[in-house]
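Worksheet for the structure shown next.
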Amino acid sequence: MEGMNGITTRQLLTMKIHIVDSNWSTEGLRAMLAAVIASFDDAEREAILRAERLASRLHAKDVRSGGRPYVNHLLRVAIRVAHYYHVRDIDVLTAALLHDAVEDHPDELADLATDAERAEGQTAAALAVLGRAFSPRMGRLVSAVTNPDIDKALTLAERQELYRLHVVESLDREPWARVIKLSDFTDNGVGIMWTLTHDKAKRLAAKYAPLVPQMLDFAQRSDTPLDFEAKSRILGQLRNAEKNFAAILDEGE
C-alpha cells in the first residue's frame, strides 16, 4: 500500500471508513475494499473490482463537497455493506458500487445498449446494460435505488415528498435494496456535516430528514436481510444522522 505509511491490511480493517477516506482518499478506500473482500473467491473479487472500475470511469469527473472524488462515496457505501453489515452477496455489493450510475450517467451506459433496449428509454437502456454486464438481479437492485425524474416545475416541498414516496414504495418490495439504501443514507447523514455551504446542507437535510422514520423502520424489519449486530449499528447511525439534520434545520441557532 504505497503512500499509506506502512499501514497493514489488519490495521486498515480496524479503522473507521471516514478516517481512511480523510487520510488516504480513494487510494485508501480501494485498499480497504480489497482487504474486506480478500476472503472472497476469485470470481467474486473480480466482479466487485470490475464494478469498482466501471464506477470510477463513470464518475471520474464527479466531485462532492470540498472537491472530494465522488467515487469515494461509492466505495464507502460498498465497504460498509461488506465489512460492517457482513454481506457477501455479489449482486448487492456490485449494485452498491454502481448505485448512482444510472441516475447520474445514464447516457454513457445507454450508449452500450442495443437498439431494442434504447427504444425503451435511456434509464431502461442503462439498467439493461448493467443487467447484462453483471446480472439481471443486480440491475433490479440498482433500479430500486435509482431516483425517478421529478418535474422541476413542482415546488421543493412537492419534489421532496415525491422522492420520499418513491423510496418507501421502491424499497418496500426489495429487501436487499434496503441494505444498499441504508448504507447510502447513513453515509450521507455523516457527510452532510462536511458540506461547505449552509444553504446546501440545509437543502439536503430538508430532503433527508423526513426519511429517517422510514429508514428506522426498514432497518428493524424482520425481512431486512441483516444480522442483529448490523441492524444495531445502523440504528445508531440513523439516530446520529437525525441529530445532524435537526441541528442544521434549527433556525433558532
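Each reported figure results from applying straightforward, stated rules to the coordinates on display, with no laboratory input. A quick note: this is a predicted structure, and the numbers were derived from the prediction, not measured. All Cβ positions, even for glycine, are placed from backbone atoms using ideal geometry, and neighbour counts span all protein chains on display.
Of everything listed in (1) part of a helix (DSSP H, G or I); (2) free of Cβ contacts under 8 Å to residues at least 12 places away in the same chain; (3) not aliphatic (A, V, I, L, M), the single unmet condition for GLU44 is (2).
Do we find that THR155 is among the β-branched types (Val, Ile, Thr) and either free of Cβ contacts under 8 Å to residues at least 12 places away in the same chain or closer than 19 Å to GLN220 by Cα (or both) in this structure? Judged against the criteria, THR155 is a match.
Out of all the residues in the range 74-92, is one or more surrounded by fewer than 15 Cβ atoms within 10 Å (Cβ to Cβ) and under 23 Å from LEU204 (Cβ atoms)? No.
Summed over the range 95-133, the residues that are acidic (Asp, Glu) and assigned to a helix (DSSP H, G or I) give a count of 6. Filtered by the rule that a residue be part of a helix (DSSP H, G or I) and either exposed (fewer than 12 other Cβ atoms within 10 Å of the Cβ) or polar (S, T, N, Q) (or both), the range 164-187 gives LEU165, GLU169, SER170, SER183, THR186.
State yes or no: is GLU161 over 17 Å from the mean Cα position of the chain (by Cα) and either surrounded by fewer than 20 Cβ atoms within 10 Å (Cβ to Cβ) or in contact (Cβ under 8 Å) with a residue 60 or more places away in the chain (or both)? So GLU161 fits the description; yes. Whether any residue in the range 15-36 is of a type in the set (Ser, Thr, Tyr) and under 21 Å from PRO136 (Cβ atoms) is what I want to check. Scanning the range 15-36, I find no residue that is of a type in the set (Ser, Thr, Tyr) and under 21 Å from PRO136 (Cβ atoms), so the answer is no. Given the criteria of a type in the set (D, E, K, R) and in contact (Cβ under 8 Å) with a residue 40 or more places away in the chain, does LYS231 qualify? Judged against the criteria, LYS231 is not a match. Looking across the range 47-62 at every residue that is crowded, with 16+ Cβ neighbours inside 10 Å and either out of contact with any helix residue (DSSP H, G or I) (no Cβ under 7 Å at 6 or more places or on another chain) or without any contact (Cβ under 8 Å) to a residue 12 or more places away in the chain (or both), the one that is nearest to ALA110 (Cα to Cα) is identified as LEU54. When you scan the range 123-168, how many residues do you find that are aromatic (Phe, Trp, Tyr) and under 21 Å from ALA110 (Cβ atoms)? Total meeting the criteria: 1. Is the range 111-133 home to any residue that is within 30 Å of ILE19 (Cβ to Cβ) and buried (at least 17 other Cβ atoms within 10 Å of the Cβ)? No, that holds for no residue.
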